[in-house]
Each structure stands twice: as C-alpha cells, then as structure tokens.
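Inspection log for the structure reproduced underneath, given as structure tokens.
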Amino acid sequence: MSHPVAESAPLRAPLEIEFDYTRSLGPVLSQFMAALAERRILGARGADGRVHAPPFEYDPVSAEPPGDLVPVGPEGTVVSWSWMPEPLAGQPLAEPFAWALIRLDGADTAMLHAVDAGSAAAMRTGLRVRPRWAERPAGSIRDIACFEPCDGPAGVAAGEDAGEVIPGMTITPVRLHYMHTASPGETAYLRGLAEHRLLGQRCGVCGQVYVPPRGTCPADGVPTSEEVELPESGTVTTFCIVNVGYPGQKVTPPYVAAAVLLDGADIAFQHLVLGCDPDEVRMGMRVRAVWDESGSISHFAPTGEADAPYESFARCL
C-alpha cells in the first residue's frame, strides 16, 4: 500500500566511526621512530640537497630511498599556525593549543605538530619552539608530546603511555564523532522499523521504488513524494562470504553480507544473511527479515521457497 509522505520532526543521533590504522614503518620511518625514543629527531637529505623532516621514504626528486639520515633540531621555527580553542578527544593536548608547521633547525621542510603556547596571543609566525618530550618515550610519534616556546618555562609532559607500540609498526587511532540528522525519508524509514514496517518511496515519474528512501529519484531528479510499505521478504541478488575477522566484530566469520531486493522494490540494499551455512547462500535465494528486540532487522534468513528466476532481479545487478 502507499500514501503521501507524512511530515515529522527529523531524527537526530550522535554517531562515531572509530578504527585503528596500522601500517609497517619500513626501514626509514623505523629509524625515525627509534631516534624519537632516544629524544632525537632525524631528517633525510634529498638529491637536491634539501633536508626533509620528517624523513621521506622515497626522494620526491629522484624517487630513490634516502641514504643515511641526518640529525635536525630539536628546536625550530613556526612557519604557519592555526589556533585550536576547543581540543577534541585524542588530540595532543586537552587545553587550547596551536596546530603549527614547524621548520626544525637544519631542515628545509616543515613538520606538523601541536604547540602549547598558553594562549593564541602568544602564538606568532617566527616563534622559536622546542619539543616537550613524553615522560616515557617508546618509539612513537607521540614521543614528542608537543612543542613549547623556547623563551618560556619548560613544561612537564603527562605521564601517559604512548599507546600500543609494535617494533616496525605504527598504530594510529582514527575517530570521527558527529551529529547526524536524518532526512525526512530516512526519518520515516527509521520510525517504520521501530514498528516492524519497511517503508520506501516511489518516484512519481518512473515509478521506481527505493528502500531505504532517497528523497529524490536519481534517475529523474524529482522528489519522491509517495510512501510505499513493502513486505519483509526478498531475494538475494548478489553476496559475499566474509572470512576475515576484525576487532569488535559482532558476527563470527564466516558469514554472508548480501544485497537483498525486497519484493516490490527496485533497488537492493545490503544486509546479513544468517540461519544457514554460508556455502548454501546463492543468487536468487528467497529470504525474510528477522527482527531483534530493538526494533531493527537483525538479519535475513532463508524462507525455504524456490529460488527466484534470474530475470526477476537481473535489473539490479
């Protein structure tokens, strides 16, 4: 059944994306990090004679790896800066500070780091700064807690650990925290899920039904003004068996992530297919939504019906 889209206050919720980015340091950056643990800073001399700090892994001029690394700093000069009045979680300092490009003595390029100047009024281009070393250096970029003005008193770094340190590797936590405001169509879709209803929208020009709603038909560029309630059953159009685990994973591999085309819809959406051996999942398999206690779809499970003919879902591939 269908009816005009109802107006309602949009839903809002804080969202956070977080993962640890891990990479091999390689021979050059391994030397750089090892020197930081000794409270030394190294740079790399390029084919044109310029010294880069931090060191490059491959020369931007010759594309060759650097030779022996050279000591730079530890003091340097602020080249450019921007004040951070409200630091975010995970940043170098909890109090207001400056992000600055700092050209270390003996280097020709600048490195980005935090400067604890006390106030924005104390910051300036040309300010001479020195590193404030972490209390317990461990071979991490966080061994430099921040930089501080050379003409001020020496600050004391907090006695925090540098985090997990694996020789030859670097682990960088990546976090994005933001407030998401749902569109009118998305709001209606989410409110429908709370009632165990699957709501989509139909384009008034081409008649295509989109779920979740998009608000605008991508084919015709017109608002989708008609709300459509769809059944819980659908067809697997394509799928992937996930065999590799990751930290925080809620479903134990192997499991199936599939594109499910709901009956009456014209575009598939991704969800889990559980309730059978992953090797049994196939294109055309008929599935039905399984709801959890929160009012969301936990996963889709096989219905036991005969497979849908290829022609019925080929348009979505």
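The values are calculated or read from the model by the stated rules, or taken from the named source; none is laboratory data. All of these numbers come straight from a predicted model, not from anything done at the bench. Note that we place each Cβ from the backbone using ideal geometry, even for glycine, and neighbour counts take in every protein chain shown. These accessible areas exclude ligands, DNA and RNA; they are computed on the full protein's heavy atoms, side chains included. Shrake-Rupley method; radii C 1.70, N 1.55, O 1.52, S 1.80 Å.
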Query raised in the report: In region 200-215, which residue that is of a type outside the set (Phe, Trp, Tyr) and in a strand (DSSP E or B) is most open to solvent (accessible area, probe 1.4 Å)?
Result: Arg202
Report task. Within region 279-300, identify whether any single residue is basic (Lys, Arg) and at pLDDT below 95, and answer yes or no. Result -> no
Requested in this report: Scan region 253-287 residue by residue and report those that are crowded, with 19+ Cβ neighbours inside 10 Å and over 13 Å from Ile241 (Cα atoms).
Outcome: Val260, Leu261, Leu262, Ala265, Ala268, Met285, Val287
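Does Met111 meet the test of being under 30 Å from Asp48 (Cα atoms), within 27 Å of the chain's Cα centre (by Cα) and among the aliphatic types (A, V, I, L, M)? Spell out the reasoning first.
Numbers: under 30 Å from Asp48 (Cα atoms): yes; within 27 Å of the chain's Cα centre (by Cα): yes; among the aliphatic types (A, V, I, L, M): yes.
For Met111, the condition - under 30 Å from Asp48 (Cα atoms), within 27 Å of the chain's Cα centre (by Cα) and among the aliphatic types (A, V, I, L, M) - is met.
Just checking: which of the strands (runs of 3 or more DSSP E) contained wholly in region 232-317 hold 1 or more residues that are β-branched (Val, Ile, Thr) and touching a Ser or Thr at 6+ places or on another chain (Cβ under 9 Å)? Quick ask: steps written out before the conclusion?
Values: elements: 233-242, 255-262, 269-273, 286-291, 297-302.
In region 232-317, the matching strands (runs of 3 or more DSSP E) lie at 233-242, 255-262, 286-291.
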Query raised in the report: If you check Glu226, Glu232, which single one turns out to be charged (D, E, K, R), more than 20 Å from Ile297 (Cβ to Cβ) and in contact with a strand residue (DSSP E or B) (Cβ under 8 Å, 6 or more places away or on another chain)?
Result: Glu226
Report summary line: Pairs returned, first residue in region 107-134 that is on the phi > 0 side of the Ramachandran plot and touching a residue at least 12 places away in the same chain (Cβ under 8 Å), second residue that is aliphatic (A, V, I, L, M) and open to solvent by 20 Å² or more (accessible area, probe 1.4 Å), beta-carbon separation under 9 angstrom, 6 or more apart or interchain, are Gly126/Val79
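Provide a single number: the residues in region 241-266 that are of a type in the set (Ser, Thr, Tyr) and either without any contact (Cβ under 8 Å) to a residue 12 or more places away in the chain or within 20 Å of Ile17 (Cα to Cα) (or both).
Residues flagged as of a type in the set (Ser, Thr, Tyr) and either without any contact (Cβ under 8 Å) to a residue 12 or more places away in the chain or within 20 Å of Ile17 (Cα to Cα) (or both) within region 241-266 amount to 2.
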Query - Selection from region 184-199 of residues that are over 15 Å from Ile297 (Cα atoms) and open to solvent by less than 50 Å² (accessible area, probe 1.4 Å) - result: Gly185, Thr187, Ala188
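Please go through region 1-37 and pick out each residue that is modelled with pLDDT of 85 or more, more than 26 Å from the chain's Cα centre (by Cα) and not aliphatic (A, V, I, L, M). Full working, then the answer.
Here is the first cut: in region 1-37, the residues modelled with pLDDT of 85 or more are 10-17, 24-37.
Now restrict to residues that are more than 26 Å from the chain's Cα centre (by Cα): 27-28, 31-32, 34-37.
Scanning region 1-37 gives Pro27, Gln31, Phe32.
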Query raised in the report: Looking at region 25-58, which of its residues are touching a residue at least 24 places away in the same chain (Cβ under 8 Å) and open to solvent by 70 Å² or more (accessible area, probe 1.4 Å)?
Result: Pro27, Gln31, Glu38, Arg39, Arg40, Arg45, Arg50
